[in-house]
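What follows is a set of notes on a single structure, which appears directly below.
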Amino acid sequence: MVKIYTNINSRLKIFELEEYLANIEEFESDVLWVDMINPSGEDINTVAKEFEIEFPSKQETEEIEISSRFWESDKDITINSYFLIVDGEAVYNETVTFILQNNLLVTMRYRELKVFNECVKKLVSSPSIFRDGSYILSYIFETRIDLDADIIEGLSRNISGLRKKLSANDIDNEDILDYIYHYENLNTNIRDSLIDKQRIISALLKSHKLAEIIKNNFRIMIKDVNSLIDYAKYNFDRMDYIQNIVLGFVNIEQNKVIKIFTVVNVIFLPPTLVASIYGMNFKHFPELGLKYGYGLSWVLMIVSAILPVLIFRKKRWL
């Protein structure tokens, strides 16, 4: 699907690709934004031909090097940026392509994104704010960074709640480790997305194709991004702290179990020794003819079992 946003006399009009092509001469100079959502190969070729746009290949959009995430030529600026997707338990970064050419913004993505829906609402309500495609690009990045900030804030609250449950002993250690795994996965993807934004915005600030007012917006954004990256690092530190506490509790529980087994072994070792001695079948056994030998052996075994218990209690080992 391809949607084309035009600003005609400060009024926003939205066209499908086929409708726009049927009236291309009327609206060509007024196009602000071409938004391609899960486009087909035919859609990509059509937009590339009509707007003289060169799209990166799918392999290029998935590269992680900064040279593949942002490049600028005499003709345009091409950006491949991560947008965080949180879909239930699934958390990952989706790559969105931006091409800014002659104040026209072209975006290509392969799923619906909340940020773009918010941008469309803003376009519809205040079309005069967006003079050209660079303003739309700035607003999309600003909205995405605000959304990332909300996600980090929510994650921070969840980590604090997990810490309180741990203090109140209101959750199993295994459940805590599951939560930590999920939170660390989310925090890692947030950090990757923010670092990607940091590099891209830094490159945009060096561009000569952007107006100074747009650069001022990006200067504010990069400060926010830097703060969020620090906060993401703080979340990692908090989760490491909780994980260390959990592992400490696990070690204590294991030590208690080992201690119990050790005490039991020590308690039963002397009676076992007595029973082993008097269970030997030698022909000449001095105590074999004792009238009360059987009872005496029981007394020895009981006393030898009780004595270690008394010693352990006195030394507070038990």
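From the list ILE190, ILE220, ILE195, the one residue that fits, being surrounded by 19 or more Cβ atoms within 10 Å (Cβ to Cβ) and either in a helix (DSSP H, G or I) or in the same structural domain as ARG144 (by TED's automatic domain parsing) (or both), is ILE190.
Does LYS233 satisfy being of a type outside the set (A, V, I, L, M, F, W, C), in a helix (DSSP H, G or I) and modelled with pLDDT under 80? Break it down stepwise before answering.
Working: of a type outside the set (A, V, I, L, M, F, W, C): yes; in a helix (DSSP H, G or I): yes; modelled with pLDDT under 80: no.
Against the criterion (of a type outside the set (A, V, I, L, M, F, W, C), in a helix (DSSP H, G or I) and modelled with pLDDT under 80), LYS233 does not qualify.
Residues checked against (1) over 19 Å from MET239 (Cα atoms); (2) without any contact (Cβ under 8 Å) to a residue 60 or more places away in the chain; (3) assigned by TED's automatic domain parsing to the domain that holds ILE44:
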residue: LEU113; (1), (2), (3): yes, yes, yes
residue: PHE141; (1), (2), (3): yes, no, yes
residue: ARG163; (1), (2), (3): no, no, yes
residue: SER167; (1), (2), (3): no, yes, yes
residue: GLU174; (1), (2), (3): no, yes, yes
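Comparison of ILE258, ILE229, ILE242 shows that the only residue that is surrounded by 12 or more Cβ atoms within 10 Å (Cβ to Cβ) and over 19 Å from GLN198 (Cα atoms) is ILE242. Given the criteria touching a helix residue (DSSP H, G or I) at 6+ places or on another chain (Cβ under 9 Å) and more than 24 Å from PHE312 (Cα to Cα), does GLY289 qualify? The answer is no for GLY289.
The single condition from (1) modelled with pLDDT of 80 or more; (2) of a type outside the set (S, T, N, Q); (3) surrounded by fewer than 13 Cβ atoms within 10 Å (Cβ to Cβ) that ILE4 fails is (3). In the stretch 256-269, is there at least one residue being within 30 Å of GLY161 (Cα to Cα), out of contact with any Leu (no Cβ under 7 Å at 6 or more places or on another chain) and part of a helix (DSSP H, G or I)? Yes - at least one qualifying residue is present in the stretch 256-269.
The values are calculated or read from the model by the stated rules, or taken from the named source; none is laboratory data. This one's a predicted model, so the numbers in the text were calculated from it and none came from an experiment. Note: ideal-geometry Cβ built from the backbone for every residue, glycine included; neighbour counts use all protein chains shown.
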